[in-house]
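First up is the structure itself, then whatever we jot down about it.
The values are calculated or read from the model by the stated rules, or taken from the named source; none is laboratory data. Model, not experiment: these values are computed from the prediction. Methodologically, a virtual Cβ is constructed for each residue, glycine included, from the backbone with ideal geometry; neighbour enumeration extends over all protein chains shown.
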Amino acid sequence: MSFRCEMRLSGEGGQGLVLAGKILAEAAAIYQGINATQSQSYGPEARGGASRSEIILSDEDIDFPKAVRLDLLLALTQEACDRYVCDLKPTGVLLVDSDAVKRVPEGPFKTYRAPVIRGARETIGREIVANIVAIGIITRIAEVIEEESVREAILTRVPKGTEEVNLKAFELGLSMADRLIAEEAGKPGAN
Amino acid sequence: MSTVSNTNAGPAKGAVRVMTGNEACAEAAIAAGCRFYGGYPITPSSEIAEILSKLLPRVGGKFIQMEDEIGAMGAVIGASLAGAKALTATSGPGFSLKQENIGYACMAEVPCVIVNVMRGGPSTGLPTLPSQSDVMQARWGTHGDHPIIALCPRGVRETYDLTVRSFNLAETYRTPVILLLDEIIGHVNEKVFLPDRIRVVERVKPGADVTEYLPYQDTDTDVPPMASFGEGHRFHVTGLVHDETGFPTNNPEKIEHVLRRLNRKIDRYADRIIRVEEDRDENARVGVVAYGSTARSASYAVRLAREEGIPVSILSLLTIWPFPEEPIREMANRVSDIVVPEMNLGQLAHEVEWAACGKARVHKVNRIDGEPIHPQYVLDAIRAAARGK
């Protein structure tokens with residue numbers, strides 16, 4: 001059985017979702033030899049407006065480079081969450097920003113809530129690195145791309161002089177994910 | 001013709017890269033020998049200009065941002081007449097503005113490459129969203145009876161290859177060549193290995209005798225040798241119908257002669273210019289004809305249909321002009337139904353219908369809302385056709 005993993009990072013223009021998608025695709029394709037595509041859909045605005053970035057990973061050639069049934073959906077706005085949750089597989093993972101997405105849809109999928117944007121702003125001191133915090137969480141919960149590959153890809157893609165702050169954001173994401181996974185494991189009925 | 005080392009295509013030859021169609025296009029242009037870019041930035045093509053503004057000066061080339069698209073196309077024609085392989089890239093409304101000068105390049109037989117990264121239209125339309133609604137404009141956007149070559153890649157690596165091929169065809173046939181990307185292909189990041197070596201064609205120049213030069217001379221090939229301005233040959237270039245000397249003519253015989261040759265020089269080589277790729281199932285009663293990013297969606301749908309036990313063939317068009325009439329006619333002889341998915345209202349489907357000549361029913365699958373055609377749409381059409389509906 002061939003493997004195809006589809007992720008969508010959604011929110012609004014200016015949140016760095018396209019760059020985040022590129023980093024994940026590069027981490028998979030260059031450092032792990034998996035086939036990867038990354039595509040995007042955004043409006044004419046420089047900031048604001050709906051924005052989404054999609055990553056397809058596969059061990060085969062990727063014919064259709066856009067998402068069909070999502071294995072993972074990141075939603076950094078309520079609008080994005082409402083609009084895209086229907087594309088999520090029943091076995092998929094929904095990751096939402098817990099401040100921005102107040103109404104979390106019910107479904108058979110697994111849901112994680114994390115203060116992604118607040119974490120970037122308060123812990124790192126730069127809201128602009130929320131995308132990298134999100135990458136950290138995704139890396140740990142999706143378990144498709146290795147941590148070290150993502151670190152390498154971050155270092156080659158982020159602007160010079162911002163490597164340190166971005167790596168700190170990535171580490172914050174990883175530790176947020178550890179907490180989420182521990183909470184999930186502690187829930188009654190969890191394996 | 002010569003084979004050259006791909007020395008100017010940026011870093012990491014043979015290494016794995018993750019890059020977009022626009023990036024691949026810019027790097028391929030340099031590798032193919034492009035040394036002039038004249039343009040006016042427009043989404044979703046702007047990265048091609050941005051990258052070439054950095055790469056061209058490094059290889060002794062020139063980059064110029066003109067006052068608008070009309071001027072940009074004029075600059076490209078001028079650069080080519082002076083001997084440079086020249087490129088411009090644009091989208092939607094920019095492609096409309098370039099049409100007058102594209103016609104001039106057809107008439108004056110000036111080799112050049114025009115990239116159009118298709119976005120939704122008409123007018124300013126949908127600047128950031130994909131479409132395939134310029135395929136007819138690529139053919140008939142400029143007035144008059146003239147041939148055109150238009151290529152349509154399905155992915156990033158194919159964009160690289162077809163950009164090189166666009167320059168080679170332009171130089172071989174002394175003609176403008178249109179490379180049609182769409183927003184998905186222009187902006188999708190894909191894992192690619194770029195070739196170490198590529199085949200590069202240089203234009204045929206006249207002999208050293210500058211007194212006898214006829215810039216539009218009849219030759220066995222129908223492609224007259226082309227002198228570069230500044231190397232000694234003097235000649236007249238005009239958009240008016242001209243004789244072999246390049247000066248305007250109103251002589252009906254000469255008019256007919258030059259216009260026939262202009263069309264013949266592409267028509268007679270159509271077999272060499274046309275490239276398609278067929279994934280054929282001999283038992284198929286249903287065929288799919290697709291191009292550009294939509295061909296990717298169609299391939300996915302074909303895979304799903306086959307998993308369901310529906311035999312289906314798919315023909316991907318890498319050249320859309322001249323139209324691949326013969327491969328479509330052959331498909332129509334083998335299948336009863338042909339599905340044509342397009343991000344427009346069926347522009348090429350009509351051509352498919354014409355080529356199929358009643359031998360197969362043609363079913364259009366169209367989307368014009370700025371979203372890509374989902375494989376499910378194509379699969380539904382394949383299923384319906386297989387059921388005979």
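Computed quantities for the displayed model
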item	result
Top-ranked residue in the stretch B:259-289 [being within 14 Å of chain A (Cβ to nearest Cβ) and free of Cβ contacts under 8 Å to residues at least 60 places away in the same chain; ranked as nearest to B:N344 (Cα to Cα)]	B:E277
Conditions (1) free of Cβ contacts under 8 Å to residues at least 24 places away in the same chain; (2) in contact with a Phe, Trp or Tyr (Cβ under 8 Å, 6 or more places away or on another chain); (3) away from chain A (no Cβ under 14 Å): number failed by B:G346	(2)
Residue, surrounded by the most Cβ atoms within 10 Å (Cβ to Cβ), within the stretch B:43-55, restricted to residues that are within 21 Å of B:T124 (Cβ to Cβ) and free of Cβ contacts under 8 Å to residues at least 60 places away in the same chain	B:A49
Among the residues listed as B:V335, B:V362, B:V340, B:V352, the single one being touching an Asp or Glu at 6+ places or on another chain (Cβ under 6 Å), among the aliphatic types (A, V, I, L, M) and either outside the structural domain of B:D161 (by TED's automatic domain parsing) or touching a residue at least 40 places away in the same chain (Cβ under 8 Å) (or both)	B:V362
Which numbered condition B:G92 misses (of (1) over 18 Å from the mean Cα position of the chain (by Cα); (2) closer than 28 Å to A:Y42 by Cα)	(1)
B:G358 being in a loop (DSSP other than H, G, I, E, B) and within 14 Å of chain A (Cβ to nearest Cβ)	no
Residue in the stretch B:56-66 that is crowded, with 16+ Cβ neighbours inside 10 Å, in contact (Cβ under 8 Å) with a residue 60 or more places away in the chain and in contact with a strand residue (DSSP E or B) (Cβ under 6 Å, 6 or more places away or on another chain) present	no
Cβ-Cβ under 8 Å pairs, at least 6 apart or on other chains, the stretch B:115-127 side in contact (Cβ under 8 Å) with a residue 40 or more places away in the chain, far side among the aromatic types (F, W, Y)	B:N116/B:F95
Answer from A:F109, A:F64 - the residue that is within 26 Å of B:S297 (Cβ to Cβ) and either surrounded by 23 or more Cβ atoms within 10 Å (Cβ to Cβ) or within 15 Å of the chain's Cα centre (by Cα) (or both)	A:F64
Any hit, the stretch A:52-74, residues being in contact with a helix residue (DSSP H, G or I) (Cβ under 9 Å, 6 or more places away or on another chain), more than 8 Å from every other protein chain (Cβ to nearest Cβ), without any contact (Cβ under 8 Å) to a residue 60 or more places away in the chain and aliphatic (A, V, I, L, M)	yes
Residue within the stretch B:256-267 that is surrounded by fewer than 19 Cβ atoms within 10 Å (Cβ to Cβ), aliphatic (A, V, I, L, M), more than 25 Å from the chain's Cα centre (by Cα) and not assigned by TED's automatic domain parsing to the domain that holds B:M331 present	no
Pairs with Cβ under 6 Å, 6+ apart, first in the stretch A:132-157 and surrounded by fewer than 18 Cβ atoms within 10 Å (Cβ to Cβ), second of a type in the set (S, T, Y) and modelled with pLDDT of 95 or more	A:E147/A:T139
Residue match in the stretch B:200-210 (condition: at positive phi and in a loop (DSSP other than H, G, I, E, B))	no
Checklist (1) away from every other protein chain (no Cβ under 14 Å); (2) at negative phi; (3) in contact with a Phe, Trp or Tyr (Cβ under 8 Å, 6 or more places away or on another chain); (4) buried (at least 17 other Cβ atoms within 10 Å of the Cβ) applied to B:V237, failing item	(3)
Residue within the stretch B:306-316 that is touching a residue at least 24 places away in the same chain (Cβ under 8 Å), surrounded by fewer than 22 Cβ atoms within 10 Å (Cβ to Cβ), in contact with a strand residue (DSSP E or B) (Cβ under 6 Å, 6 or more places away or on another chain) and away from every other protein chain (no Cβ under 14 Å) present	yes
Some residue of the stretch B:364-385 being among the aromatic types (F, W, Y), within 14 Å of chain A (Cβ to nearest Cβ), out of contact with any helix residue (DSSP H, G or I) (no Cβ under 7 Å at 6 or more places or on another chain) and farther than 19 Å from B:D134 by Cβ	yes
Out of A:R151, A:R83, A:R179, A:R140, sole residue that is closer than 28 Å to A:G49 by Cα and either among the charged types (D, E, K, R) or not in a strand (DSSP E or B) (or both)	A:R83
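Conditions (1) within 26 Å of A:P159 (Cβ to Cβ); (2) within 11 Å of another protein chain (Cβ to nearest Cβ); (3) modelled with pLDDT under 95, marked per residue:
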residue: A:G14; (1), (2), (3): yes, no, yes
residue: A:L24; (1), (2), (3): yes, yes, no
residue: A:A36; (1), (2), (3): yes, yes, no
residue: A:P44; (1), (2), (3): yes, yes, yes
residue: A:T77; (1), (2), (3): yes, no, no
residue: A:K89; (1), (2), (3): no, no, no
residue: A:A100; (1), (2), (3): yes, no, no
residue: A:Y112; (1), (2), (3): no, no, no
